[in-house]
1. If I compute solvent accessible area with a 1.4 Å probe over the protein chains, what percent of it on segment 87-172 is carbon and sulfur?
2. At 1.4 Å probe size, with the rest of the protein present, what percent of the exposed accessible area of segment 220-351 is carbon and sulfur atoms?
3. For segment 65-159, what does the alpha-carbon gyration tensor say about shape, rounded, prolate or oblate, given a ≥ b ≥ c as the root eigenvalues, a/c under 1.5 as rounded, and a/b over b/c as prolate?
4. Long-range amide H contacts for SER208: which residues qualify at under 5 Å (H placed 1.01 Å from N, peptide plane, sequence gap of 5 or more or a different chain)?
5. Give the peptides 154-164, 335-345 in descending order of average Cβ contacts within 10 Å, highest first.
6. How much accessible area does LEU76 have with a 1.4 Å probe, in Å² rounded to the nearest 10?
7. Summing +1 for each Lys or Arg and -1 for each Asp or Glu, what net charge is found among the other residues whose Cβ lies under 14 Å from the Cβ of SER253?
8. For every other residue with a beta carbon closer than 9 angstrom to the beta carbon of GLN169, add +1 if it is Lys or Arg and -1 if Asp or Glu, then tell me the sum.
Amino acid sequence: MKTSAAKTIFVFLLIVLLLLAAVSGFVWWRTTHNQGGVAAQQQAAAELKSLQAAVRSSGVAGSQKDSLESDLHEQLDALNRSAVEDAQPEEDHAPQDVPGLAQRMTQSSQRIYDLASNTGLSSDESATLTSISVGQWATVQLLNGTLAEVEDPSSAASRELKDLTGLGQNEALKADGLCPAMSDDAKDKASGGAGSQQADDGSNAEDSENLTKVLTGLYTSTWSESYFQARQDVDNIPKDTSDRIVVAAKIHSSQLQQLRAGLDQNCSAMPQPKAAYKLPHGAAREPGKIMAEQADHLGSESIGVIRSQKPGKSDAQGSGSWTAWGARSLALNTAISTQISGDVPALPGIS
């Protein structure tokens, strides 16, 4: 009896020790794996704190300055708390004029975008940093009065966006790994009954609901913008709204062309969103509101595309990157929405 009890106690203690070792190993792995992510957020927080000081000492007008400070505060709140507490801003807070602040913010945007690809970050954390970076790019365009110029590939705004993402407006999209998600029936028809969207080309592309929604949203936007353009005289659409519709139409048409051409190379079939060709009831009376809602929707789904990529394991720049395409899409649609609302959200595509 004593021998049996001793064996039982020994087995019990052995199991407890193994469990403690497993838990300790997991905690160690999580700690070491996440160190890079916390460090990346700490560097991002230092950038944001430095910008806070730069904004306070800048020559930006009162209400706009308040808005910028509020956005920076919200961005810091979106980061790891301990990383923010440990972040140390730059000590040089010399007063800056508006162009100087815009240049400082452009540099910060690029640094934070680069930090978003750190392997220690989760997909959500990476998407948050990308959103902050895009928000700063859009804020620079708002400060410079160049939001309407983003549709022109030769403009400074467009060049800055290409510098940020490594992907230009007229460049061919060569990214693979994602295809628009389709229903099972649609897959069967597209692949001749093989039951898989990628059966024909043998690729390992994943079905992406977000990519489907982006594609559908682009169809909706390009159709509604052509509708508004055709009826601008009949419906007496104000000139400033008409001008914004022209900009949005050029942006979305270019986006759609780039996306369709890229997907045609990698996906055997794509859904044809016929339901996109309609407008909400009474939309003709509020084209600006409809445009803003569509742009916000596209921005939100673009963040979803960014989240589908693994930080550090997927390219964040260039024509072969879905992260770059998603960030570019987020930036362009944030610019469209901001032209109408007059305000850049602190976390485009998220808040």
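The values are calculated or read from the model by the stated rules, or taken from the named source; none is laboratory data. The shown structure was predicted, so the numbers you read here are calculated from the model rather than taken from an experiment. Glycine also receives a Cβ, built like all others from the backbone with ideal geometry; neighbour counts cover every protein chain displayed. Please note that ligands, DNA and RNA were not included when accessible areas were found on the heavy atoms of the full protein model with its side chains. Shrake-Rupley method; radii C 1.70, N 1.55, O 1.52, S 1.80 Å.
1. Ligands and nucleic acids excluded, carbon and sulfur give 46 percent.
2. C and S fraction of accessible area: 47 percent.
3. Because a/c hits 1.5 or more and a/b fails to exceed b/c, segment 65-159 counts as oblate.
4. CYS179, ALA181
5. In decreasing order of mean packing, 154-164, 335-345 become 335-345, 154-164.
6. Rounded to the nearest 10, the figure is 20 Å².
7. -1
8. Overall, the nearby charge balance is -1.
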